[in-house]
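**Student:** Got a structure for you, written out below as structure tokens; questions coming shortly.
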Amino acid sequence: MAKDEKAKAKVEQAKGKVEETAGRAVGNEGLTAKGHAKKAKGDVRQAKEKAKDAFKR
């Protein structure tokens, strides 16, 4: 289960990075912000999973 969540976090980070980069490339501030938010959500999810792993040990 944890591996699935870690994978989701990585995918979310990657999608956010792509959206953010695309938004910057075309000058769309809304898309840039949306991508940044999605990337941040992936970062939070990854941090949560790392914390869970630290407590399991």
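The values are calculated or read from the model by the stated rules, or taken from the named source; none is laboratory data. This is a predicted model, so every value here is computed, not measured. Methodologically, a virtual Cβ is constructed for each residue, glycine included, from the backbone with ideal geometry; neighbour enumeration extends over all protein chains shown.
**Student:** Of all residues in segment 1-21, which are among the aliphatic types (A, V, I, L, M), loosely packed, with under 14 Cβ neighbours inside 10 Å and either part of a helix (DSSP H, G or I) or modelled with pLDDT of 95 or more (or both)?
**Tutor:** If the condition is that a residue be among the aliphatic types (A, V, I, L, M), loosely packed, with under 14 Cβ neighbours inside 10 Å and either part of a helix (DSSP H, G or I) or modelled with pLDDT of 95 or more (or both), then Ala2, Ala7, Val11, Ala14, Val18 are the ones that fit.
**Student:** Could you give every pair whose Cβ atoms fall below 8 Å, whose first residue belongs to segment 17-34 and is in contact (Cβ under 8 Å) with a residue 12 or more places away in the chain, and whose second residue is surrounded by fewer than 10 Cβ atoms within 10 Å (Cβ to Cβ) and not in a helix (DSSP H, G or I), counting only separations of at least 6 or pairs across chains?
**Tutor:** Filtered contacts from segment 17-34: no entries.
**Student:** Only one of Asp43, Asp53 is in a helix (DSSP H, G or I) and loosely packed, with under 13 Cβ neighbours inside 10 Å; which?
**Tutor:** Step by step, each of Asp43, Asp53 is checked, and only Asp53 is in a helix (DSSP H, G or I) and loosely packed, with under 13 Cβ neighbours inside 10 Å.
**Student:** Considering only residues that are among the charged types (D, E, K, R) and more than 8 Å from the chain's Cα centre (by Cα), look in segment 39-57 and name the one that is modelled with the lowest pLDDT.
**Tutor:** Arg57
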